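The values are calculated or read from the model by the stated rules, or taken from the named source; none is laboratory data. A quick note: this is a predicted structure, and the numbers were derived from the prediction, not measured. Quick reminder, even Gly has a Cβ in these numbers, built from the backbone with ideal geometry, and neighbours come from all protein chains shown.
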Amino acid sequence: MTIKVIATDMDGTLLDARGQLDLPRLEKILDQLDQRGVRFVIATGNEIHRMRQLLEHLVDRVVLVVANGARIFENNELIQAQTWDDVIVDKALAYFEGRSCQDQFVVTGMKGGFVKEGTIFTDLESFMTPEMIEKFYQRMQFVDELTSDLFGGVLKMSMVVGEERLSSVLEEINDLFDGRVRAVSSGYGCIDILQAGIHKAWGLEELLKRWDLTPQQIMAFGDSENDVEMLEMAGIAYAMENADDKAKAVATALAPANSQGGVYQVLENWLEKRRMKWQYSY
């Protein structure tokens with residue numbers, strides 16, 4: 001089956017250890033993919049603002065599945081969004097009310113990111129540059145109380161609990177909501193809380209319907225638990241060398257670490273082999 005879609009996670013995968021892209025290198029890869037009619041999809045837990053900031057002039061050339069599948073952008077335009085039921089939103093807000101600041105609780109909605117006044121984000125410097133951290137704070141809307149009327153529809157919730165508390169908090173949240181929402185690790189001690197059935201693979205499935213393609217035509221890259229469904233569905237699935245065990249368990253191959261430009265390396269080698277094959281056939 002011919003690969004027609006490249007789908008990659010960002011943090012811990014396409015981004016380097018400082019949370020940055022190699023834009024000239026990515027642009028060369030996109031040029032070659034365009035020539036071969038291969039689409040490039042970024043599937044991330046991040047929201048659109050950070051993607052636009054990172055991708056700069058390349059944002060129009062990729063398809064973005066953001067908020068872990070809850071929103072899809074093509075040509076930098078929103079083409080699909082899936083928001084939470086109001087009942088679940090209210091239950092989650094009530095449950096996390098007393099620990100919003102401590103657990104760096106963020107509600108990502110159609111109207112942006114919302115946090116409780118007094119929240120201080122720790123550990124951002126482990127995967128963001130100082131400039132990106134500053135812009136992150138500027139994008140956040142700090143409010144006295146998190147109430148459902150603020151968000152314009154909830155896409156996801158997230159929190160930072162640290163590696164040592166990660167598994168216990170994941171279990172706690174997944175037990176609480178009777179399967180209506182799902183908490184997954186998104187790397188760096190962070191947790192994404194998603195509506196059940198909404199994940200990166202769901203977003204990719206919606207795109208495959210539009211493009212009349214099959215999962216076997218996807219080559220995917222990921223490193224965390226929130227990449228598992230995407231890796232499971234793809235015809236070729238690369239876990240990064242730095243990936244967690246859950247991602248590695250479902251992958252069909254291993255890519256070099258994100259700090260070594262693993263996604264770039266694999267794609268450059270794959271494109272070179274295809275070029276040689278094409279030359280040979282002619």
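Got at least one residue in region 148-159 being in a loop (DSSP other than H, G, I, E, B), at pLDDT 90 or above and either loosely packed, with under 15 Cβ neighbours inside 10 Å or among the β-branched types (Val, Ile, Thr) (or both)? Step through it out loud before you land on a result.
At the first step, the residues of region 148-159 found to be in a loop (DSSP other than H, G, I, E, B) are 151-153.
From what's left, at pLDDT 90 or above: 151-153.
Checking the rest, the ones that are also either loosely packed, with under 15 Cβ neighbours inside 10 Å or among the β-branched types (Val, Ile, Thr) (or both) come to 152.
Yes, that holds for at least one residue.
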Close pairs (9 angstrom Cβ cut-off, 6 or more residues apart or separate chains): part of a helix (DSSP H, G or I) in region 1-21, of a type in the set (Lys, Arg) anywhere: Met10/Arg50
Matching residues, region 174-229, being closer than 23 Å to Phe73 by Cα, of a type in the set (Phe, Trp, Tyr) and either touching a Cys at 6+ places or on another chain (Cβ under 9 Å) or surrounded by fewer than 24 Cβ atoms within 10 Å (Cβ to Cβ) (or both): Trp202, Trp211
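Let's see how each residue does on (1) in a helix (DSSP H, G or I); (2) out of contact with any strand residue (DSSP E or B) (no Cβ under 7 Å at 6 or more places or on another chain); (3) without any contact (Cβ under 8 Å) to a residue 40 or more places away in the chain:
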{"residue": "Gln80", "(1), (2), (3)": "no, no, no"}
{"residue": "Lys91", "(1), (2), (3)": "yes, yes, no"}
{"residue": "Gly98", "(1), (2), (3)": "yes, yes, yes"}
{"residue": "Asp103", "(1), (2), (3)": "no, no, no"}
{"residue": "Val107", "(1), (2), (3)": "no, no, no"}
{"residue": "Gly118", "(1), (2), (3)": "no, yes, yes"}
Are any residues in region 233-266 crowded, with 19+ Cβ neighbours inside 10 Å and in a strand (DSSP E or B), and if so, which ones? Ile236, Ala237, Tyr238, Ala239, Met240, Ala255
Within region 94-117, the residues that are surrounded by fewer than 19 Cβ atoms within 10 Å (Cβ to Cβ), of a type outside the set (Gly, Ala, Ser) and either under 15 Å from Val143 (Cβ atoms) or in contact with a Leu (Cβ under 6 Å, 6 or more places away or on another chain) (or both) are Glu97, Cys101, Lys111, Glu117
Count of region 212-255 residues which are farther than 22 Å from Asn46 by Cβ, of a type outside the set (S, T, N, Q) and in contact (Cβ under 8 Å) with a residue 24 or more places away in the chain: 3
Condition met for Ile173 (in the same structural domain as Asp103 (by TED's automatic domain parsing) and either over 18 Å from Met10 (Cα atoms) or modelled with pLDDT of 95 or more (or both)): yes
Flag for Asp34 being under 22 Å from His199 (Cβ atoms), assigned by TED's automatic domain parsing to the domain that holds Leu208 and outside any loop (DSSP other than H, G, I, E, B): no
